[in-house]
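Student: I have a structure here, written as structure tokens, and I will follow up with some questions on it.
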Amino acid sequence: MSENTKTLPAVALRGMTILPGMVVHFDVSRERSMKAIERAMLKEEEVFLVTQKDPDTEEPSGKDLFSIGLVASIRQVIKLPNNILRILVEGKERAELLYLEDEGEFLEAEVRFFDPMEGKPSPLEEEAMLRSLKELIGDYCSSNSKLAKAFQSILNDARDLSSLIDETANNLPLYYEDKQRLLEAVSLRERFDELEVILANEINIMEIKKDIQTKVKERVDKNQREYLLREQLKYIREELGEDNTFSDAEHYEEELSRLEADDAIKEKIAKEISRFKSVGQNSSESTVIRGYIETLLEMPWNRMSEDNTDIRNAKKILDEDHYGLDKVKERVLEFLAVRTLTKKGDSPIICLVGPPGTGKTSIAQSVARALNKKYVRICLGGVRDEAEIRGHRRTYVGAMPGRIAAGLKSAGVKNPLMLLDEIDKVSSDYKGDTSSALLEVLDSEQNNKFCDHYIELPIDLSEVLFIATANDVQTIPRPLLDRMEIIEVSSYTGNEKLHIAKEHLLPKQITKNGLTREQLAISGKAMERIIRSYTREAGVRNLERRLGAICRKAAREILEDNRRVVRVTENNLEKYLGRERYSFTMANEQDEIGIVRGLAWTSAGGDTLEIEVNVMPGKGEFALTGQLGDVMKESARAGISYIRSIGRSYNIEDTFFKEHDIHIHIPEGAVPKDGPSAGITMATAMLSAIIQRPVRADLAMTGEITLRGRVLPIGGLKEKLLAAKSAGIHTVLVPKKNEEDVEEISQEIKKGLEIVPVETMEEVLGRALV
């Protein structure tokens, strides 16, 4: 191989490769490249064109360029705006870059030309290669009709393998990397092999492309066919008057495809949709099926909301919304802690029991907000039809799902908080027992497959957090009560009411009545007097009403008298609320005979009862007045029997009970009274009247009596102690078996009271009689 070297100005090309025989133009903007063109124009009008390995390199050196380039002659140079030269060149021959001088004004390359005879095949081989390449080009032209005309003239004129390779390569739409490989194929055999590989790849690509286009066309044709058929079907439906039915069915099918539910449920809905299609629009069954499908599609089968598991945030929200109610808050936070640790955990079924107005319903809303759950309230007061819970069978006209299923549907998720309000007020009649229908709902072992008569598919209620409310557990059937976790919401103390009024009720009423906090001020003493003298309740509903009345009067004063601030004090309270409505029967100042202070629980909290006994000459009659219930009357009879049995201990003559009448009266005769807890009180009052010994005026008592003088436990102790404290009582006798209840009562209530546990009547009489 004879060496033929030459030094030429060089231009580095970015993103393009030029092959021998190509006539092409390109733009030059780099200063060194323009200087190289100028230098070439001054000499032989020849330039060495070499491609950069990385098009982004701004100032290339020898290592940044490919080793094989092209010597080209410059045909034309045109100056364009923005200092750009457009160069028209014709590729001459390949050359190898031996050395690149990149220190001057332009790149200068020392190149070596290749011997054209090197590696040249024999004439027979060349002819075979020429024919093979022509066949391959023919196959390519049949695959790519756009380039067929251009290649036809090349094939007709081709008599030389080298020129055919170069012409073919110049007309193929190749990336510059492929052209660079062809340029670097120095020998004819290498170029032939490289081009054959490229052509074979291009033919495969064209075949795949044609296959894809055929499939796409078939799909388009199919879609067009379906469109035409659908249009025809639509016209037929319009003529038959069934257009709405099928459009609704299509809408249902679309919703079904998006529904989050198990396969069995989807299959059932799909069957109902196909039935709906087959039933005519004018059929009465069409309306029934339509309602059923819509109900099934709206049910949240597998759709859940994400609970807020931040226990600190939940505690903050519960404390913000409610003062007190510690047991309820504690149970909710325990549930949240377990759910956070186990990622599952059974949802508790809680029943809040307490007097009206103590915040049972509102705490459920607060729990829903704290856990970020959807809130559904179902009022069960007065519900007496089992179908209200389980739903109606679809065979009935106007059938609809039960309240549980309807509540889930309105919530839109399968894990809401569901409040079953007034669960103790449900009743039953000939249509079924509502309480029995609730047994399955509130059983955590069974309610994952709750069956509603209307829906006819199992509904999962295991994720629902049930909270029930009741005023009295006595009216709730035992099996239903057994399924719920009972949390007692007891009466509020005066201090708790004061906090609730200041922190919650007053700001709420101020906002509700269009005032601001700066416009109305109620002193602490005035608030205490409102609680003590204008309301008598376990909860705070009436207290809120009284505050609302003050706000309304304050709003009127601000508008009529142009007052900036209305101040309500203990002295001017009557101006806004009128005269005091309630007054506590305070403890008597003197010890009296036959009068004993008892304690009672009422739906409005606790109260004190002054039991009076008179003994007079007679025939041994025993009278009970004050609208007393049967249980209370029986307690009085047990008490007199006990006194007669211990009469000799107190020097009572045997004939006393034959010669004297005993009359027990409990004042406020219009108010019904019942229960066993006044047993020891009535016995003490009777003995006091019989033996003429006074009873301590600052003492009250509660407890059930037996014939043998034992003292049995009672309920409602917190409310009773509150009533005793309000009445100015200092000592309270309670059954010894109620000591655990006494320990649970807050120190605020017990402060100032001497609570004495008693086990027998001897202890009671020892403490009570002066």
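The values are calculated or read from the model by the stated rules, or taken from the named source; none is laboratory data. Predicted model, so just to flag it, every value in this text is computed and none were measured. Cβ placement follows ideal geometry from the backbone for every residue including glycine, while neighbour counts extend to all protein chains displayed. Accessible surface is based on the protein model in full, side chains and every heavy atom, while ligands, DNA and RNA are left aside. Shrake-Rupley method; radii C 1.70, N 1.55, O 1.52, S 1.80 Å.
Student: With just the Cα atoms defining each centre, how far is segment 753-770 from segment 686-742? Give it in Å.
Tutor: Each part's Cα centre sits 8 Å from the other's.
Student: Only Lys, Arg, Asp and Glu count, each charged at its Cβ (+1, +1, -1, -1), so figure out the dipole size of the chain about its Cα centre, rounded to 20 debye. Walk me through the numbers on the way to the answer.
Tutor: Working: 110 positive and 132 negative charges, 810 e Å.
The dipole magnitude comes to about 3880 debye.
Student: Around ARG377, which amide H atoms from residues at least 5 apart in sequence, or from another chain, sit under 5 Å from its own amide H, with H modelled in the peptide plane?
Tutor: LEU419
Student: Separate question: What ratio of Cα Rg to 2.2 N^0.38 Å holds for the chain?
Tutor: Numbers: Rg = 50.4 Å, N = 770, 2.2 N^0.38 = 27.5 Å.
Against the compact-globule rule of thumb, the ratio is 1.83.
Student: How much length, in nm to one decimal, is gained on full extension between ASN448 and THR5, taken as 0.36 nm per residue of separation minus their Cα-Cα distance?
Tutor: Values: separation 443, 0.36 × 443 = 159.48 nm, distance 9.07 nm.
Here the segment from ASN448 to THR5 would lengthen by 150.4 nm.
Student: Rounded to the nearest Å, what's the spacing between the alpha carbon centres of segment 374-451 and segment 262-306? Just the number, please.
Tutor: 21 Å
Student: To the nearest 10 square angstrom, what accessible area does THR287 show with a 1.4 Å probe?
Tutor: Roughly 100 Å² of THR287 is accessible to a 1.4 Å probe.
Student: May I pose another question? Which percent of Cα pairs goes in each bin when the distances of segment 528-642 are cut into 5 angstrom slices starting at zero?
Tutor: 2, 8, 13, 15, 12, 11, 9, 8, 7, 6, 4, 3, 2, 1, 0
Student: Out of residues 5 or more away from SER305 or on other chains, whose amide H comes under 5 Å of its own, with H placed 1.01 Å from N in the peptide plane?
Tutor: LYS414, ASN415
Student: Enumerate the residues in segment 6-35 having an amide nitrogen under 15 Å from the point lying 7 Å beyond the Cα of GLU118 toward its Cβ.
Tutor: 6
Student: Then there is this: So how do GLU560, GLU496, GLU763 rank on accessible area, 1.4 Å probe, biggest first, that is with the largest at the start? Don't skip to the answer; put the middle values down first.
Tutor: Details: GLU560 115, GLU496 35, GLU763 75 Å².
So the residues, ranked largest to smallest area, are GLU560, GLU763, GLU496.
Student: Still on this structure, I have one more. Order these peptides, 199-206, 541-548, by their mean beta-carbon neighbour count within 10 angstrom, highest first.
Tutor: Details: 199-206: 14.9, 541-548: 19.1.
Going by the mean number of other Cβ atoms within 10 Å, highest first, we get 541-548, 199-206.
Student: Let me ask something else about it. Using 0.36 nm times the number of residues separating LYS737 and ARG545, minus their current alpha carbon distance, what extension gain do you get?
Tutor: Working: separation 192, 0.36 × 192 = 69.12 nm, distance 3.92 nm.
Taking LYS737 through ARG545 to full extension adds about 65.2 nm, to one decimal.
Student: Ok, one more. Note the per residue figure in Å³ for the convex hull of the C-alpha positions in segment 250-353.
Tutor: On the way: hull volume 17.9 nm³, N = 104.
Roughly 172 Å³ of hull volume per residue.
Student: How far is it, in nm, from the label point at GLU105 to the one at THR511 when both lie 7 Å from their Cα along the line to the Cβ?
Tutor: Once both label points are built, they end up 8.3 nm from each other.
Student: Compute the distance in nm between two label points, each set 7 Å from the Cα along the Cα-to-Cβ direction, one at GLU518 and one at SER427.
Tutor: 5.5 nm
Student: Can you tell me how much longer the chain between ARG393 and ASP221 gets when fully stretched, taken as 0.36 nm per residue apart minus their C-alpha distance, in nm with one decimal? Each step should come with its number before you reach the end.
Tutor: Numbers: separation 172, 0.36 × 172 = 61.92 nm, distance 4.81 nm.
Contour length minus the Cα-Cα distance gives 57.1 nm.
Student: If amide hydrogens are placed 1.01 Å from N in the peptide plane, which non-local residues have theirs closer than 5 Å to the one on ILE593?
Tutor: VAL695
Student: Would you mind checking the tilt of helix 263-278 against the longest principal axis of the Cα atoms of the chain, expressed as 0 to 90 degrees and rounded to 10?
Tutor: Around 80 degrees separate the two axes.
Student: Would you mind estimating how fast segment 497-568 diffuses translationally, via Stokes-Einstein at 37 °C and 0.692 mPa s with the Kirkwood radius over Cα pairs, in µm²/s? Intermediate values should be presented prior to the final figure.
Tutor: Numbers: Rh = 12.3 Å.
Taking Rh from Cα pairs, D becomes 267 µm²/s.
Student: To continue, here is another question. Karplus couplings for segment 54-69 from phi (6.51 cos²θ - 1.76 cosθ + 1.60, θ = phi - 60°), rounded to Hz, Gly and Pro as x?
Tutor: Couplings: 10, x, 7, 6, 7, 10, x, 10, x, 6, 8, 10, 5, 7, 10, x Hz.
Student: Taking θ as phi - 60°, what are the ³J(HN,Hα) couplings along segment 417-426 by the Karplus curve (6.51, -1.76, 1.60), each to the nearest whole Hz, with x for Gly and Pro?
Tutor: So the J values, rounded to whole Hz, are 9, 10, 9, 9, 7, 6, 5, 7, 9, 5.
Student: Further question on the same structure: In whole angstrom, how long is each semi-axis of the equivalent ellipsoid of segment 305-379, when you take the square root of 5 times every eigenvalue of its Cα gyration tensor and sort them from largest down?
Tutor: Details: eigenvalues 81, 37, 29 Å².
So the three semi-axes of segment 305-379 are 20, 14, 12 Å.
Student: Do the sum for the chain: with -39,500 (n - 2.57) for every DSSP H run of n ≥ 4, divided by all residues, what is the mean residue ellipticity at 222 nm, to the nearest 500 deg cm²/dmol?
Tutor: Values: 28 runs with 335 residues, N = 770.
Mean residue ellipticity at 222 nm (helix-derived): -13500 deg cm²/dmol.
Student: While we're on this one: So, R0 is 56 Å and r is the distance between the beta-carbons of GLU255 and ARG556; what FRET efficiency does that work out to, to 0.05? Before the final figure, lay out the partial values.
Tutor: Numbers: r = 55 Å, r/R0 = 0.98.
With a Förster radius of 56 Å, E is 0.55.
Student: Can I ask one more? Please quote Rg/Rh for segment 636-755 to two decimal places, taking the Kirkwood radius as Rh and restricting both calculations to Cα atoms.
Tutor: Details: Rg = 15.7 Å, Rh = 15.8 Å.
The Rg/Rh ratio comes out at 1.00.
Student: While we're looking at this one, here's another question. Rounded to the nearest 0.05, what FRET efficiency do LYS633 and GLU294 give with R0 = 51 Å and r taken as the Cβ-Cβ distance? Could you check? Working shown, then result.
Tutor: Numbers: r = 60 Å, r/R0 = 1.17.
Taking R0 as 51 Å, the efficiency between LYS633 and GLU294 is 0.30.
Student: Here is a follow-up. Could you run the Karplus curve 6.51 cos²θ - 1.76 cosθ + 1.60 with θ = phi - 60° over segment 531-543 and give me ³J(HN,Hα) per residue in whole Hz, x for Gly and Pro?
Tutor: Taking θ as phi minus 60°, the curve returns 5, 7, 10, 10, 9, 9, 7, 7, x, 9, 5, 5, 4 Hz for segment 531-543.
Student: A further question on this structure: With a Cα-only, solvent-free Debye model of segment 1-140, what are the log10 I(q)/I(0) values at q = 0.10, 0.16, 0.19 Å⁻¹?
Tutor: Those come out to -0.40, -0.85, -1.08, one per q.
Student: Sticking with this structure for a sec: Please give the per residue accessible area of the chain, computed with a probe of 1.4 Å over protein heavy atoms only, in Å².
Tutor: 52 Å²
Student: Right, another one. How do the peptides 649-662, 368-381 rank, highest first, by the average count of neighbouring beta carbon atoms within 10 Å per residue? Write out the running numbers ahead of the final one.
Tutor: Working: 649-662: 13.1, 368-381: 19.2.
Ranking, from highest mean packing down: 368-381, 649-662.
Student: Let me ask you something else. Ignoring ligands, DNA and RNA, how do GLU334, GLU744 rank by accessible area with a 1.4 Å probe, largest first? Write down the numbers at each step before the final one.
Tutor: Numbers: GLU334 90, GLU744 135 Å².
Listed by decreasing accessible area, they come as GLU744, GLU334.
Student: Just to be sure I understand the model, the point goes 7 Å from the Cα along the line to the Cβ. What's the resulting LYS268 to GLU528 distance in nm?
Tutor: 6.3 nm
Student: Continuing with this model, one more query. Restricting to Cα atoms and excluding each atom paired with itself, what does the Kirkwood estimate give for segment 661-730 in Å? Intermediate results must be reported in sequence, preceding the final value.
Tutor: Details: mean 1/r = 0.0733 Å⁻¹.
It works out to 13.6 Å.
Student: Determine, from the Cβ-Cβ distance of VAL23 and ARG230 and an R0 of 60 Å, the FRET efficiency 1/(1 + (r/R0)^6), rounded to the nearest 0.05. Present the calculation step by step, with values, prior to reporting the outcome.
Tutor: Numbers: r = 56 Å, r/R0 = 0.94.
After rounding, the FRET efficiency stands at 0.60.
Student: Once you charge only the Cβ atoms, +1 for Lys and Arg and -1 for Asp and Glu, what is the size of the charge dipole of segment 1-128 about its Cα centre, to the nearest 20 debye? Intermediate results must be reported in sequence, preceding the final value.
Tutor: Details: 16 positive and 26 negative charges, 96 e Å.
Charge dipole of segment 1-128: 460 debye, to the nearest 20.
Student: In what sequence, highest mean first, do 105-116, 663-674 appear when ranked by Cβ atoms within 10 angstrom?
Tutor: Numbers: 105-116: 18.2, 663-674: 15.3.
In descending order of packing, they fall as 105-116, 663-674.
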